[in-house]
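Report on one structure; see the data block that follows.
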Amino acid sequence: MPRTTRASNSLQQRAEKLFPGGVNSPVRAFRAVGGEPRVIIRARGSKLWDADGNEYIDYVGSWGPMILGHADPEVTEAVIRAAQNGTSFGASTPAEADLAELVKAAFASIEMMRFVSSGTEATMSAIRLARAFTQRKYIVKFEGCYHGHADSLLVKAGSGVATLGIPGSAGVLDEQAQFTLALPFNSTEAVDQAFDRYKNQIAAVVVEPIVGNMGCVPPREGYLQKLRDVTRSQGSLLIFDEVMTGFRVAFGGAQELYGITPDLTTLGKIIGGGLPVGAYGGRVEIMRMIAPLGPVYQAGTLCGNPLAMAAGIATVSRLQRDRAKIYPALERNSSTLVNGVSQAARESGIDIASARVGSMFTWFFRNGSIFNYEDACKSDTARFAHFHRGMLDQGIYLPPSQFEAAFLSAAHTSADIDQTMDAARNTFKLMTSKPLSVSR
Ligand code: HOZ
């Protein structure tokens, strides 16, 4: 049953006078699904509440960070304690080293790191570093992967760029994008061809080892090993963008799950426990090129911010302490949910292809497997929009785009999952009984 959205609508209208599209990040405007963006007032555990007092089971989880659920008491307490001692000094604190040691304990490939304020900064800096280290110009990325909004990476990007159908971005000069090669994900042939054609010119291959930004798309068996082998033999660096997957698909991220050691890794989201953080790191010989030790410049007033470090330490420590319980439970619950909803769709005669690794997943509205961005783009986005609105009306908050992964947290209960599956059954019934309509 549609819920009242009067307060959300009026707040959205106010915001539209102040921010482009009324938002500070494009996907939040719900342009791809229609309906009213909900303005969120508070969150706890697996739930969100909007300005009209409507309750939702949340599967966005702030796009990844909230693996313990919202307003986790230990994390909240850590942030409050840190704030009482001052919120920013522009100088070093012991908390930075505390979080760095936790990260190193989880990621053997990260011998030394640098904290920044967002995933965008982390990946942009890692690319600069790779170019300096190898003294080469080209980078390889994959269509539908999103590595933040730095100019050279906004080429055939996923996430909001895919959601809004923007081919690249206005304002990015051809000159800035000319050294970015965008290849289809999961194709070993495309990688071989690029390395043949640009011999000794490719500084790095940057990849989301499990893509989250064209929807969730896992690597084919052996694909990441192929990237490791070719980069090693060709003198390029392999950069894993684990902003989404780090501490999410396993404590040690996708590199632990698939047993691949990249040269550089970027992190964000979970290591900030819901506060703004990014990190990049890798082998000492590479990281020693960063200023003040080396000639690669990168800096920031809020890098290593004490509140963000406190939230990150509380979150990662809990994952470390309870990993034997948390990750198997995430796997079980996500599997029940993803399979249950997919089965309900099929029983209603709706084409669906689900993709999932641990607690990140997507229901693509199409038949067949999804290996790359071209496959993802064949999804029926009008159907997805219909599904999204139906679920929202029943209190289920999903990413408002076919091209974004959903996330489950340790706070989601069996009751949440049952309720979500019931809502999906009702939605599929409505979708097959009423003609499709998309209000945008
Ligand atoms: N592009 C982000 C997810 N991949 C969305 C960020 C946001 O709207 O918060």
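Restricting attention to the stretch 36-65, the residues that are more than 30 Å from Lys325 (Cα to Cα), part of a loop (DSSP other than H, G, I, E, B) and either within 16 Å of the ligand (Cβ to nearest atom) or open to solvent by 50 Å² or more (accessible area, probe 1.4 Å) (or both) total 5. Contact annotation: no residue pair with Cβ atoms under 8 Å, 6 or more positions apart or on different chains, pairs a residue in the stretch 48-73 that is within 26 Å of Arg14 (Cβ to Cβ) with a partner that is modelled with pLDDT under 95 and in a helix (DSSP H, G or I). Only one entry in Gly165, Gly144 is within 15 Å of the ligand (Cβ to nearest atom), in a loop (DSSP other than H, G, I, E, B) and either of a type in the set (Ser, Thr, Tyr) or touching a helix residue (DSSP H, G or I) at 6+ places or on another chain (Cβ under 8 Å) (or both), namely Gly144. Sort through Lys156, Lys141 and tell me the only one that's open to solvent by less than 30 Å² (accessible area, probe 1.4 Å), closer than 30 Å to Ala385 by Cα, in contact (Cβ under 8 Å) with a residue 12 or more places away in the chain and of a type in the set (D, E, K, R). Going through Lys156, Lys141 in turn, the sole match is Lys141. On inspection, Leu68 passes the criterion of being under 21 Å from the mean Cα position of the chain (by Cα), more than 16 Å from the ligand (Cβ to nearest atom) and not in a helix (DSSP H, G or I).
How many residues are of a type in the set (Lys, Arg) and either within 19 Å of Leu267 (Cα to Cα) or assigned to a helix (DSSP H, G or I) (or both) if we restrict to the stretch 119-141? Spell out how you get there, then give the answer.
First, pick out the residues of the stretch 119-141 that are of a type in the set (Lys, Arg): 128, 131, 136-137, 141.
Retained after the next criterion (residues that are either within 19 Å of Leu267 (Cα to Cα) or assigned to a helix (DSSP H, G or I) (or both)): 128, 131, 141.
Of the residues in the stretch 119-141, 3 are of a type in the set (Lys, Arg) and either within 19 Å of Leu267 (Cα to Cα) or assigned to a helix (DSSP H, G or I) (or both).
Taking helices (runs of 4 or more DSSP H) as the structural unit, those lying wholly within the stretch 212-298 and holding at least 3 residues that are out of contact with any strand residue (DSSP E or B) (no Cβ under 9 Å at 6 or more places or on another chain) correspond to 223-234. Identify, please: which residue in the stretch 168-203 is in contact with a Phe, Trp or Tyr (Cβ under 9 Å, 6 or more places away or on another chain) and closer than 22 Å to Val27 by Cβ and is, among those, nearest to the ligand (Cβ to nearest atom)? Residue satisfying both the conditions and the ranking: Phe185. Among the residues making up the stretch 153-171, those that are modelled with pLDDT of 85 or more and more than 14 Å from Val207 (Cα to Cα) are Ala170, Gly171.
In the stretch 204-232, the residue that is nearest to the ligand (Cβ to nearest atom) out of those that are among the charged types (D, E, K, R) and out of contact with any Leu (no Cβ under 8 Å at 6 or more places or on another chain) is Glu208.
The values are calculated or read from the model by the stated rules, or taken from the named source; none is laboratory data. This is a predicted model, so every value here is computed, not measured. Every residue, glycine as well, gets a Cβ built from its backbone with ideal geometry; the counts of neighbours run over all protein chains shown. To get the accessible areas, we keep the full protein, side chains included, count just its heavy atoms, and leave off ligands, DNA and RNA. Shrake-Rupley method; radii C 1.70, N 1.55, O 1.52, S 1.80 Å.
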